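Below: the structure, in structure tokens.
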Amino acid sequence: MNKKWASAALVTGMTTSALVAVPATQASAVNHCTANSHKITWAKVAKPWAVTHRKVIENYTGGTVTKTYSVETVLTIGSSVTFTAGAKVKADAILESLEATADLQLQVSGSYTNKHAESISYKLSKNGTYVIYSGTRKVTGNWTRWACDGIGYIKTGQHGKAQSWTDEVDGGVRCNATVPKTSLAAAVKKKYC
């Protein structure tokens, strides 16, 4: 008998016949997933701000100007999923998984940001250059689908890319104003001021 097992039996008061050795690899794999269940994992998930509409305005009237501006479309973002051949999974299920991973509310497959010019009312209270805008977060990622064989998850060979977007945000920013670095206004200033 192995000395390690014998000493364990003496300390616990068990008989050596009660000891059963289970290989570590087998023990760690037991009950890790439910047979025939699936999961989706993600890689390279990104969610940067994207400006979809904008108009640059100068105000040097010396006073406050309140007006409704027509902001032109500069980018259209669609919600879509690509698949490997033979993949049997719904696009909306992939986007729901991406939504959970990105922790943002996303649009469903086939929807698009506004493709037309938008009207935005804005007050220009100081002299300077302003950018009136609309934008969203463009969320992208690479997905892989796994299946459980009763012991662990194995790759199904199904994978692809997905893209969606969040609700659009309207706003305006004066080019020499200080804004939060993580805001859409900061992305607008960087690109259009």
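The values are calculated or read from the model by the stated rules, or taken from the named source; none is laboratory data. Quick caveat, the model's predicted, so the values are computed rather than measured. FYI the Cβ positions are ideal-geometry reconstructions off the backbone, even for glycines, and counts take in every protein chain you see. Areas reflect the complete protein model, heavy atoms only, side chains present, ligands, DNA and RNA absent. Shrake-Rupley method; radii C 1.70, N 1.55, O 1.52, S 1.80 Å.
Could you go through the stretch 15-37 and let me know if any residue there is closer than 30 Å to residue 158 by Cβ and modelled with pLDDT of 95 or more.
So far as the stretch 15-37 goes, no, none of its residues is closer than 30 Å to residue 158 by Cβ and modelled with pLDDT of 95 or more.
Scanning for something in a strand (DSSP E or B), in contact with a Lys or Arg (Cβ under 9 Å, 6 or more places away or on another chain), of a type in the set (D, E, K, R) and buried (at least 20 other Cβ atoms within 10 Å of the Cβ), does the stretch 146-155 turn up at least one residue?
At the first step, the residues of the stretch 146-155 found to be in a strand (DSSP E or B) are 146-148, 153-155.
Still in the list and also in contact with a Lys or Arg (Cβ under 9 Å, 6 or more places away or on another chain): 146-148, 153, 155.
Still in the list and also of a type in the set (D, E, K, R): 155.
Then keep just the ones that are buried (at least 20 other Cβ atoms within 10 Å of the Cβ); that gives none.
No, every residue in the stretch 146-155 fails to be in a strand (DSSP E or B), in contact with a Lys or Arg (Cβ under 9 Å, 6 or more places away or on another chain), of a type in the set (D, E, K, R) and buried (at least 20 other Cβ atoms within 10 Å of the Cβ).
Restricting the search to the stretch 90-101, which residues are more than 14 Å from residue 161 (Cβ to Cβ) and either of a type in the set (Gly, Ala, Ser) or touching a residue at least 60 places away in the same chain (Cβ under 8 Å) (or both)? Write out each step before concluding.
Quick first cut of the stretch 90-101, residues more than 14 Å from residue 161 (Cβ to Cβ) only: 90, 92-93, 96, 99-100.
Selection gives 93, 99, 100.
Hey, does the stretch 165-185 have a residue that's open to solvent by 20 Å² or more (accessible area, probe 1.4 Å), more than 25 Å from residue 73 (Cα to Cα) and either of a type in the set (Lys, Arg) or touching a strand residue (DSSP E or B) at 6+ places or on another chain (Cβ under 7 Å) (or both)?
No, every residue in the stretch 165-185 fails to be open to solvent by 20 Å² or more (accessible area, probe 1.4 Å), more than 25 Å from residue 73 (Cα to Cα) and either of a type in the set (Lys, Arg) or touching a strand residue (DSSP E or B) at 6+ places or on another chain (Cβ under 7 Å) (or both).
Residue by residue through the stretch 51-84, note down the ones that are open to solvent by 70 Å² or more (accessible area, probe 1.4 Å), farther than 30 Å from residue 141 by Cβ and of a type in the set (Phe, Trp, Tyr).
60
Return yes when residue 87 is open to solvent by less than 70 Å² (accessible area, probe 1.4 Å), in contact (Cβ under 8 Å) with a residue 12 or more places away in the chain and assigned to a strand (DSSP E or B) and no when it is not.
Considered against the rule, which asks whether it is open to solvent by less than 70 Å² (accessible area, probe 1.4 Å), in contact (Cβ under 8 Å) with a residue 12 or more places away in the chain and assigned to a strand (DSSP E or B), residue 87 comes out as no.
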